[in-house]
Amino acid sequence: TGMVLGIDKNRFKSHYRLDYTNEDIFNPGIPTSSIANDQNYLTSRWMHQWQSDVHLSDKLKLNTAIGYTHFKRQVQATTFNEETNDRRLSISPGSQDTSVFNGFSLRMLMPLRITNWFSFLPGIDINVESGTGGRLSSGSHTIQDYGIILSGDLKLTDRLSLKPGLRLIYNSVYDAPAGIPSLNLKWDLNPSQVFKFAYGRGFRAP
């Protein structure tokens, strides 16, 4: 299930989206001596998304995207006796488990058109994930990733444009590179042929 709410007025556009899923998956076990070890996976997920575009001036915009996800999964293990038709909760160590994961993301970009041939795009990108559950080695875990985005759009001629970029990164767990460069080139050879060149590096935490 889900819903979307939005507004579009003059220089301001915004919409909010909510999605919800609920699952109950039954995993029957193979009976051994008339006893079957069954499992129920009870899963619920909430996903919130909010986006907005604001025209601060004829040359400056502000684009914002915020997301939040809440995920919960319960593993309910039972033993079923086929002879007596009796079902009971399993008392085996680790057979019952509840895992909860939360994710938050924020991206803000401010496209700025300085001249007709040069535009500048600064921004920030934040991602925070946390989880708790018996399957995690420490019982809980959190990872934070912060990025600063710097990009430009340089029109050298009517047919040739160059887009250099740089992303500065800090990760709370992994040794991320201080900066990741990128370069894009577009050359319109003629109305039906376009030459593009792209170079970039990336970093993604597991």
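Tabulated data
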read-out	value
Any hit, the stretch 68-78, residues being at pLDDT 90 or above, touching a Phe, Trp or Tyr at 6+ places or on another chain (Cβ under 6 Å) and farther than 26 Å from residue 140 by Cβ	no
Matching residues, the stretch 83-110, being in a loop (DSSP other than H, G, I, E, B) and modelled with pLDDT under 95	83, 84, 85, 90, 91, 92, 93, 94, 95, 96
Residue in the stretch 189-196 that is under 26 Å from residue 63 (Cα atoms), part of a loop (DSSP other than H, G, I, E, B) and not hydroxyl-bearing (Ser, Thr, Tyr) present	no
Qualifying residue in the stretch 115-132 (condition: within 20 Å of residue 59 (Cβ to Cβ) and small (Gly, Ala, Ser))	yes
Residue match in the stretch 48-60 (condition: basic (Lys, Arg), open to solvent by 70 Å² or more (accessible area, probe 1.4 Å) and within 30 Å of residue 100 (Cβ to Cβ))	no
Qualifying positions in the stretch 1-37 - loosely packed, with under 10 Cβ neighbours inside 10 Å and of a type in the set (Asp, Glu)	8
Matching entry among 125, 153, 175 (being open to solvent by 50 Å² or more (accessible area, probe 1.4 Å), of a type in the set (Asp, Glu) and over 30 Å from residue 96 (Cβ atoms))	175
Among (1) farther than 30 Å from residue 154 by Cα; (2) exposed (fewer than 15 other Cβ atoms within 10 Å of the Cβ); (3) of a type outside the set (Val, Ile, Thr), the one test that residue 68 misses	(2)
Those residues of the stretch 129-150 which are open to solvent by less than 40 Å² (accessible area, probe 1.4 Å) and either without any contact (Cβ under 8 Å) to a residue 24 or more places away in the chain or under 24 Å from residue 52 (Cβ atoms) (or both), in sequence order	139, 145, 147, 149
First in the stretch 29-46 and within 16 Å of residue 95 (Cα to Cα), second anywhere and small (Gly, Ala, Ser) and exposed (fewer than 14 other Cβ atoms within 10 Å of the Cβ), Cβ under 9 Å, 6 or more apart	37/92
Whichever residue in the stretch 178-206 is under 30 Å from residue 130 (Cβ atoms) and of a type in the set (D, E, K, R) and, among such residues, is least open to solvent (accessible area, probe 1.4 Å)	201
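The values are calculated or read from the model by the stated rules, or taken from the named source; none is laboratory data. The structure displayed is predicted, hence computed values, not measured ones. Neighbour counts run over all protein chains shown; Cβ positions are idealised from the backbone, glycine included. Areas reflect the complete protein model, heavy atoms only, side chains present, ligands, DNA and RNA absent. Shrake-Rupley method; radii C 1.70, N 1.55, O 1.52, S 1.80 Å.
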